[in-house]
Amino acid sequence: MQAANLRIHCLGILQSQTGQAICEIDWPQDNSIETALAALVEVHPSVANELPRCACAIGDEIVPRSYQLQAGDELVLLPPVGGG
Amino acid sequence: MTTLSNQPLDLDSLLAETEDDSAGALVVFSGTIRNHHDNKSVERLSYTAYEPIAKKAIAEIEQEVKDIFGVTQCRIIHRIGDLEIGDIAIHCVVRSAHRGEAFEAAKYAIDTTKSRVPIWKEEHYSDGTSVFREGTPLKAD
């Protein structure tokens, strides 16, 4: 049985848009990132336009959106980057 | 090796770290905070990073630069946190036997760092507003 919540790390502009570094949503029943992102948009509609351009990561790995979330995972959302 | 720092960057330590008697060329790119962007007056910048991937990505780029250009040394360090005008945000240090590949490698190092490392910069303007600069989407593969 999965944990009740999924922690989603919102970085860069997403943190500004949500007002939170970490958002928590109900764990998606199908373990999919897409479902998790849809739930995030319901809570924070302001991120809807940015999400399609974000990469997803688990730990130190960027993962495709087809990745199946596993117990203990925390989803990290990486907006388009631009250091330097 | 330090690749991210929330303290002022120390070029001398990078130069010492990359000392190489076989290298006749040394190219340093340093990115500094300028006071304007798109006709707006910039007061400061805030850099944030996702460190687990940023550190790994910088290390990969350093190795990639050496592999592609055949340079003997490449080190990249990026600052995070709040930076003022004139502060240094990044150093890319490249050493190689000859200057041609050193210049090319240094350009590749900074360009690739900007497009592949999860670092974000928020510009704070004199009018009190702030904007996250448009960036490059990361790819999953």
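Throughout, read-outs are computed from the coordinates displayed, never taken from laboratory work. All of these numbers come straight from a predicted model, not from anything done at the bench. All Cβ positions, even for glycine, are placed from backbone atoms using ideal geometry, and neighbour counts span all protein chains on display.
Quick notes
- The charge dipole of chain B, taken about its Cα centre with unit charges on the Cβ of Lys, Arg, Asp and Glu (plus for the first two, minus for the last two), comes to roughly 240 debye.
- With the simple model of a label 7 Å out from the Cα in the direction of the Cβ, A:Q70 to A:Q29 spans 2.4 nm.
- Rounded to 10°, Cα long-axis angle of helix B:51-69 versus longest principal axis of chain B: 40 degrees
- Centroid-to-centroid separation of region A:25-84 and region B:107-140 [C-alpha atoms, Å]: 20 Å
- Acute angle (nearest 10 degrees) that the helix A:33-43 long axis makes with the longest principal axis of chain A, alpha-carbon atoms: 70 degrees
- Residue among A:V63, A:I33, A:V47 farthest towards the positive dipole end of chain A, charges placed on Cβ: A:V47
- Net lengthening on full extension, B:K40/B:Q63 (0.36 nm per residue, minus Cα-Cα): 4.6 nm
- Between B:D127, B:D111, B:D87, the Gaussian network model of chain B with springs among Cα atoms under 10 angstrom shows the greatest mean-square fluctuation at B:D127.
- Restricting attention to chain B, lysine pairs at least eight places apart or on different chains and with alpha-carbon atoms under 29 angstrom apart total 21.
- Charges were assigned to the Cβ only: +1 to each Lys and Arg, -1 to each Asp and Glu. The resulting dipole of region A:5-78 about its Cα centre is roughly 200 debye.
- Over region B:4-132, Cα pairs under 8 Å with separation of 6+ residues give a relative contact order of 38 percent.
- Around B:G81: net Lys/Arg minus Asp/Glu count, Cβ-Cβ under 13 Å: -2
- Selection among B:A54, B:G70, A:I13 by position relative to the dipole of the protein assembly as shown gives B:G70 as farthest towards the positive end (Cβ unit charges, Cα centre).
- Among B:I68, B:I76, B:I88: highest mean-square fluctuation, GNM of chain B, C-alpha pairs under 10 Å: B:I68
- Derived scalar couplings between HN and Hα for region B:127-139 equal 7, x, 8, 8, 9, 7, 5, 4, x, 10, x, 7, 9 Hz in order, rounded to whole Hz, by the Karplus curve 6.51 cos²θ - 1.76 cosθ + 1.60 (θ = phi - 60°), x for Gly and Pro.
- Helix B:99-116 vs. chain B, principal-axis angle (Cα, 0 to 90°, nearest 10): 40 degrees
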